[in-house]
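Some notes on the structure that comes next.
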Amino acid sequence: MHEVWENFKAIVVGVLPNIQTFGLVLFKVTLLLVVGYYFSRFLAKRVRKSIESRDIVLSNFLSQVVFIGVNVAVIIAALGTLGVQTNSIIAVLGTAGVAIALGLKDSLSSVASGIILIILRPFANGDVIELGSITGKVETINLFNTTLRLPDGKLAIIPNANISKANVINSTDISKRRLDITFGVGYESNTDAVKLVVINILENNPCVDLKKGYFIGLDSFGESSINFLLRFWIDVEYGLLETKASILESLKVNLEANGIEIPFNKVDVNILTPKAESSQQIPTDKDILENIVFVPVKTDIQQTDFKQDSQPNKDTRHRIFDKIAHKLKISMKDNGN
């Protein structure tokens, strides 16, 4: 029993210095990792704040690069403290990097695409862009992905590799946008009367930029209607959806007020009977055009700083037959291109 105890004491005495040495090394490694981690966060934050005022996208990118780079250096230093040969580690990391690159080629492609997006800058934070069927406001551009806030409030996270291959439409760099509206009227409608109704609507809507012109003309022949194409420019401050809704509402009210049919899919059965002679005079095109009326539609769209050169006529009944030639000449020019 005494010999066993002596052997145990000898083992403890022999191992204890090694335990103390290993414990000290382990403490150094732990301290190095903790301090290195918080130092990388501090340094990345300082880099972000120093560049953020000039370029928020570049500041996010550089802060991520600094954070990852410092942590990699700290891990290599910690392994060296444990006695591992760093040269071997670097060689192993190089070999493993090739294998990882092959396995994660899609992710690395997103990283490369992120760098390209940051350098070329096709868009920036806060821009409204279209990517295929997705339209949203850019919130962040990271190394791996870009986040978009959609109009319905959802957050879309799109890999940068997909963005670099897609057609990007940036609609933020201009203050005015063109709206295209297609509407149909009955085949028996007078086309000149339709154009005059639309001209009245455009020239009395404060959202329309009359300086850039507008276009109204036949677009196609439908199954139950002749379709007109309407093009005009607006200031984006008014809102695209709001302005389009206002114009469509005015179209419905004014077309109905002038007896112009807005058709829908239906089947008309006409029974032909001998017509009795009537003394009632059939209205001519001149009579129709002389009696075009304009009905103003109330709208909540406002802009306090807006100044329009042409003022709306206070009389809600516009007799504009004497201006037909001038109006139609303007409307037939596609100034909305």
All other residues with a Cβ under 12 Å from the Cβ of Arg177 taken together, and with Lys, Arg as +1 and Asp, Glu as -1, what is their net charge? 0
Distance cut-off 31 Å, Cα to Cα: go down the list Lys165/Lys252; Lys45/Lys137; Lys45/Lys154; Lys45/Lys176; Lys176/Lys252; Lys154/Lys252 and report the pairs above it. Lys165/Lys252; Lys45/Lys176; Lys154/Lys252
Among 154-160, 172-178, 228-234, the order from most to least packed when residues are scored by Cβ within 10 Å on average: 228-234, 154-160, 172-178
For segment 143-214, give the percent of accessible area contributed by carbon and sulfur heavy atoms, probe 1.4 Å, rounded to a whole number. 50 percent
What shape does segment 153-290 have by the C-alpha gyration tensor, where a ≥ b ≥ c are the square roots of the eigenvalues, rounded means a/c under 1.5, and otherwise prolate means a/b greater than b/c and oblate the rest? prolate
For Asp219, other-chain or 5+-apart residues with amide H closer than 5 Å (H placed, Pro excluded) are Asn227, Phe228, Leu229
Tail weight of P(r) past 14 Å, computed on alpha-carbon pairs of segment 205-250, percent: 57 percent
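The values are calculated or read from the model by the stated rules, or taken from the named source; none is laboratory data. Remember, it's a predicted structure, so these values are computed and weren't measured experimentally. Glycine also receives a Cβ, built like all others from the backbone with ideal geometry; neighbour counts cover every protein chain displayed. Keep in mind that these areas ignore ligands, DNA and RNA; they rest on the heavy atoms of the full protein, side chains included. Shrake-Rupley method; radii C 1.70, N 1.55, O 1.52, S 1.80 Å.
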